């Protein structure tokens with residue numbers, strides 16, 4: 001029985017699971033989004049979010065701690081550089097998992113896991129750039145009066 005066992009084993013030994021999660025985390029940091037199985041994505045979220053939290057504090061100790069998990073210098077540079085800069089004000093929830101459906105080959109449930117702050121579609125920049133004008137239910141009569149009254153006054157001055 002698995003009472004109290006919270007580790008998602010992914011049908012792998014401990015060493016294989018750690019290598020898998022380390023490689024997936026490095027790829028997620030490098031490419032900002034990856035497609036994998038839903039089970040791996042959920043296990044990866046638990047693995048990578050504490051590392052991103054550690055990256056917010058850019059000290060030698062934190063770099064060494066994160067390097068012990070990832071083992072990739074390029075991923076460390078990216079994580080402590082661009083990623084930490086973007087997630088600096090966010091108190092958690094750095095990743096988003098979007099289910100994609102079954103994979104054709106083996107019918108495995110796939111999901112896209114991505115870093116939230118690097119998505120242009122859902123990001124803050126996209127919302128501010130495309131914010132439509134607020135619609136109200138008020139009558140536009142007052143606005144139309146102001147528009148028509150303003151052009152008439154200069155036209156009267158031009159006639160004199």
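The values are calculated or read from the model by the stated rules, or taken from the named source; none is laboratory data. Everything numeric in this text was worked out from a predicted model, so none of it was measured. FYI the Cβ positions are ideal-geometry reconstructions off the backbone, even for glycines, and counts take in every protein chain you see.
Quickly run through the stretch 5-54 and pick out the residues that are in a loop (DSSP other than H, G, I, E, B) and under 16 Å from the mean Cα position of the chain (by Cα).
Taking the stretch 5-54 first, the residues in a loop (DSSP other than H, G, I, E, B) are 5-13, 32.
If the condition is that a residue be in a loop (DSSP other than H, G, I, E, B) and under 16 Å from the mean Cα position of the chain (by Cα), then 32 is the only one that fits.
Looking at the stretch 55-90 only, could you name the residues that are out of contact with any helix residue (DSSP H, G or I) (no Cβ under 9 Å at 6 or more places or on another chain) and outside any helix (DSSP H, G or I)?
Across the stretch 55-90, the qualifying residues are 59, 88, 89.
Here is a yes/no grid of residues against (1) surrounded by 15 or more Cβ atoms within 10 Å (Cβ to Cβ); (2) over 14 Å from residue 32 (Cβ atoms); (3) without any contact (Cβ under 8 Å) to a residue 24 or more places away in the chain:
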| site | (1), (2), (3) |
| --- | --- |
| 53 | yes, yes, no |
| 72 | yes, yes, no |
| 77 | no, yes, yes |
| 89 | no, yes, yes |
| 95 | yes, no, no |
| 101 | no, yes, yes |
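Every residue in the stretch 19-33 that is touching a residue at least 12 places away in the same chain (Cβ under 8 Å), surrounded by fewer than 20 Cβ atoms within 10 Å (Cβ to Cβ) and touching a strand residue (DSSP E or B) at 6+ places or on another chain (Cβ under 6 Å), please.
32, 33
Please go through the stretch 103-121 and pick out each residue that is touching a strand residue (DSSP E or B) at 6+ places or on another chain (Cβ under 7 Å) and either buried (at least 17 other Cβ atoms within 10 Å of the Cβ) or at pLDDT 95 or above (or both). So that I can check it myself, show each step before the final result.
Here is the first cut: in the stretch 103-121, the residues touching a strand residue (DSSP E or B) at 6+ places or on another chain (Cβ under 7 Å) are 103, 108-116.
Selection gives 103, 108, 109, 110, 111, 112, 113, 114, 115.
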